[in-house]
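The values are calculated or read from the model by the stated rules, or taken from the named source; none is laboratory data. Treat the numbers as computed from the prediction; the structure is a model and nothing was measured. Here the Cβ positions follow ideal geometry from the backbone for every residue, glycine too, while neighbour counts run over all protein chains shown. All accessible areas refer to the heavy atoms of the entire protein, side chains included, with ligands and DNA or RNA removed. Shrake-Rupley method; radii C 1.70, N 1.55, O 1.52, S 1.80 Å.
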Amino acid sequence: MLRRDFLKKARNEKDCEYYTQAGDIEDECKHYSRQFRGKTILCNCGDSYESEFFKYFAVRFNTLGLKKLIAVSYASSKKAGTEVPLSELGVPAGHGYRIELTRLDDFNNDNTTDLEDVKWLFRHDKSVVTPLKGDGDFRSGECDALLDEADIVVTNPPYELFSEFVVRLQRRHKGFIILGSINSLTYKDIFPMIMDNSIRIGYHRTADRMWFESGSDDAGTCAGEKVPDGKKIQNGKLYVNMPVIWYTSLDKKGCNTPLSLYKSYSPEEYPRYDNYDAINVNRTADIPFDYDGVMGVPITFLNDFCLAQFEILGCTESEGLGLSNGLWDESSGVRQPMINGRMLYKRIFIRRKAAA
């Protein structure tokens, strides 16, 4: 199965879950530690205690100086209850639940604060775990109420609901660090936010894929056979490699640093598209410093986008026909640029601000 097909599978199969690894969460979230101080963090698309998102913030509750940590578990999660039984937490079958931490001390007197102290709270403070009336869907009224309490949302939302999830956060002016498909960049609800820099790409480079633990039962099927590309089995678990990136509304160090451009424009090296009023640039590093017109660049350009240096004009292959801004004939139905009749991968169209 091709890697892009895993995202299709995630959209088409309701029982298909992918769990973010602790190392990937730490690699991204460590850059925002100052922005977490004094804030209420919400992890609202996970498995509560079993979620690596919850664990990351729970064990660092004091060092990050959090005001509150809220985590929500979805009722149909395959992972919820595997480490701490739901019966222990007093959660009825078919219901989601929330964990709410406002403090973390060395409750069990082992000279450290860790997840064992969270479990101590479960047993001794009934206000920490609360069953929900519904299943914990982020679109529900009671989950909206939790969202209203939060300052920053950190989670891995369902890919098929990514746009709806982000729009919900933006309307409530919530900060966020969330995972999404690279393809989500060009969604019609998302790309305008990329254009005005209200959403930025996180520190993880768009060209680097991530490994996710799969919630499916395919590990047994793959055992003893050649594991397909984009999959691996580790400690008896199946992992899937997917083109996923972090999206954030928080301040990102270096995002306003202009690119150092060194290449000069020539018509031979930078051909024009057959169907777009722009030249093609294959790599961000190759953007010419002396070209004043519109350029089509790879989506990896967003790793280094500097709002003071460039303006983003449009993109291809979005939901619908993309955002053309007059760069191509929208009635043609062509979503991707072509050179000499050969179709290229999706492009973002930019122009130097000095030229504009």
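Data table
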quantity	calculated
Virtual spin-label span in nm between Arg172 and Ala22, 7 Å along Cα→Cβ	2.9 nm
Local net charge near Lys67, Cβ-Cβ under 14 Å (Lys/Arg +1, Asp/Glu -1)	+2
For segment 57-64, 3J(HN,Hα) per residue [Karplus equation, 6.51 cos²θ - 1.76 cosθ + 1.60, θ = phi - 60°, Hz, x = Gly/Pro]	7, 5, 6, 10, 3, 7, 5, 7
Probe 1.4 Å - accessible area at Lys174, Å² to nearest ten	30 Å²
Largest-first principal axis extents of the Cα set of segment 17-128 (Å)	39, 34, 21
Rounded accessible area of Arg272 (nearest 10 Å², 1.4 Å probe)	110 Å²
Amide H contacts of Ile339 (H built 1.01 Å from N, under 5 Å, at least 5 apart or other chain)	Asp274, Leu344
Distance (nanometres) between label positions extended 7 Å along Cα→Cβ at Asp274 and Asn256	4.4 nm
Solvent exposure ordering (accessible area, 1.4 Å, most first) of His95, His173, His124, His31	His173, His124, His31, His95
Spin-label model distance (nm) - Lys263 vs Asn340, 7 Å beyond Cα toward Cβ	1.7 nm
Segment 146-212, relative contact order in percent, only Cα pairs under 8 angstrom and at least six apart counted	30 percent
Long-range amide H partners of Arg347 with built H, under 5 Å	Thr316
Rounded to the nearest 10 Å², the accessible area of Glu269 at probe 1.4 Å	90 Å²
Sites Arg283 and Asp144 - FRET efficiency at Förster radius 41 Å, r taken between beta-carbons, to 0.05	0.45
